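The structure appears below as structure tokens.
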Amino acid sequence: MARRGDRVLIAGGGIGGLAAAIALARRGIGTEILERSDFTEQSGAGIQLGPNATRALQRLGVLEAIEPHSFRPEAISIYDGLSGRRLTSLPLGEAAEARYGAPYLTLHRADLHAGLRAAAQGLAPIALTPGFELAAVELKAGAVIARAGDSGEAKGASLIGADGLWSTVRAVVSPAARLRSAGATAWRTRLPRGNLPAPFNDPVVGLWLGPGTHLVHYPVRGGDDLNVVSVTQGGAERQGWDQPDGAEALRAGFTRWAKDSKSLLERADGWRSWSLYRLTSLGHWSDGPIALLGDAAHPVLPFLAQGAALAIEDAVTLAACLAELPGDPATAFRDYEALRQPRAARVQSLARRYGWLYHLRGPLRVARNLLLERRREARALQRFDWLYQEPRAGVRIRRDVCPG
């Protein structure tokens, strides 16, 4: 096991932080995860994992643990909310797994987190430190010192900031970076799936498009529950991402929807909401022996369901780069950044575009619907080959090879 002073510190024990620790441990690199909570996932949210994410989880040795709690949707069915008409479908299920060599899964976020946590707890090079509220970071005598608000501290050779949208580590790497409101609010709830009418009980991801708002639903907890998410334009700006909220403001955005389209909202209660934010572009994700990962580096709006996937991909690539350059985290982090930045930027850009398309009004909405209805469903998956396919085996940087 690595000496304590040689360990990589990881700020944040969420999906990205745990994935990074597992990826590093599988390469013999010791880590200490500094987590403000007790390593439990409290949100109750659902999550979609495309084949790019599940392939990475398989390599981390986590996919088998989460599959019993997951669901394999057969398709993404897209509807027009105002008319209730089905517009098109994107095949998933066996078609996606055959094409990409990995499944498309939906599951409860807590089930994914629990699988990652269990894997981390079973790997000796990983130390889990709960109740560590990161307050400051200091570089001293060739080491990184992370200080907690209660005067506790941890020391390592490098630090990975996997501490999410409201990252403390980001302020060290890029002090000028600022979060900006995206002008939208997301809402979520969960319902028992057994007594829901069609199409809400169909084994699919349902996506309903409307002026200034959209609705998504998909099975979780092995198909027992339905996770429901809506994004509406506007709303108050609030820090954090999981506030209890009433449904009155949400339902106001659905008044023009067809009765069948909005009936799911009428069944749901116990909504929680959060404001969506963008991050002003970072010139760099790393500074010497400190690097950012996942939402701390490149938050993605939820319209492409790729936030967690990008964090898991980051973890795998970062671990490979650190393993290729032992003792030189600064160079390894620059290599990781060079490999990951173009892909993250492409996903961020497309997610913004999808958000615009989902919420079109008037004649633009009519034109979008016509294009979707005329799309050949058999070839629809091809549009996502760049995202879901196995990435190229490696990209040579200087003399080293790290998976991209």
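Below, the figures for the structure above:
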item	result
Residue within region 376-385 that is open to solvent by less than 20 Å² (accessible area, probe 1.4 Å), at pLDDT below 95, of a type in the set (A, V, I, L, M, F, W, C) and in a helix (DSSP H, G or I) present	yes
Filter result for Ser261 (of a type in the set (S, T, N, Q), open to solvent by less than 40 Å² (accessible area, probe 1.4 Å), assigned to a helix (DSSP H, G or I) and over 30 Å from Lys155 (Cβ atoms))	yes
Pairs, first without any contact (Cβ under 8 Å) to a residue 24 or more places away in the chain in region 297-312, second of a type in the set (Val, Ile, Thr), C-beta under 6 Å, six or more apart	Gly307/Val300
Residues of region 358-367 satisfying the condition of being assigned to a helix (DSSP H, G or I) and surrounded by 16 or more Cβ atoms within 10 Å (Cβ to Cβ)	Tyr358, Arg365
Count of region 318-357 residues which are surrounded by fewer than 16 Cβ atoms within 10 Å (Cβ to Cβ), farther than 28 Å from Arg383 by Cβ and among the hydrophobic types (A, V, I, L, M, F, W, C)	1
Scan of region 94-125 for residues that are under 20 Å from Gln389 (Cα atoms) and touching a residue at least 40 places away in the same chain (Cβ under 8 Å), ordered by number	Ala95, Ala96, Glu97, Arg99, Tyr100, Gly101, Ala102, Pro103, Tyr104, Leu105, Thr106
Candidate set from region 160-194 (those that are open to solvent by 50 Å² or more (accessible area, probe 1.4 Å), free of Cβ contacts under 8 Å to residues at least 40 places away in the same chain and within 28 Å of Leu264 (Cα to Cα)); member that is nearest to the chain's Cα centre (by Cα)	Pro192
Matching entry among Gly270, Gly288 (being under 28 Å from Gly13 (Cα atoms), surrounded by fewer than 22 Cβ atoms within 10 Å (Cβ to Cβ), out of contact with any Gly (no Cβ under 7 Å at 6 or more places or on another chain) and at pLDDT 95 or above)	Gly288
Cross-chain or 6+ apart pairs with Cβ under 6 Å, region 212-238 first and over 25 Å from Leu107 (Cβ atoms) and in contact (Cβ under 8 Å) with a residue 12 or more places away in the chain, then small (Gly, Ala, Ser) and in a strand (DSSP E or B)	Gln233/Ala184; Glu237/Ser181; Glu237/Ser275; Arg238/Ser275
Segments classed as strands (runs of 3 or more DSSP E), wholly inside region 196-250, with at least 1 members that are at pLDDT below 95	225-233
Which listed residue is under 26 Å from Gly46 (Cβ atoms), of a type in the set (Gly, Ala, Ser) and either surrounded by 14 or more Cβ atoms within 10 Å (Cβ to Cβ) or at pLDDT below 95 (or both), from Ala143, Ala154, Ala148, Ala102	Ala102
Residue that is farthest from Ala305 (Cα to Cα) [pool: residues in region 71-99 that are β-branched (Val, Ile, Thr) and buried (at least 20 other Cβ atoms within 10 Å of the Cβ)]	Ile78
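The values are calculated or read from the model by the stated rules, or taken from the named source; none is laboratory data. Owing to the predicted nature of the structure, the values given are computational and were not obtained by experimental measurement. For neighbour counting, all protein chains shown are included, and Cβ atoms are generated from backbone atoms with ideal geometry for every residue, glycine included. Calculation scope for accessible area: heavy atoms of the full protein, side chains included, ligands and nucleic acids excluded. Shrake-Rupley method; radii C 1.70, N 1.55, O 1.52, S 1.80 Å.
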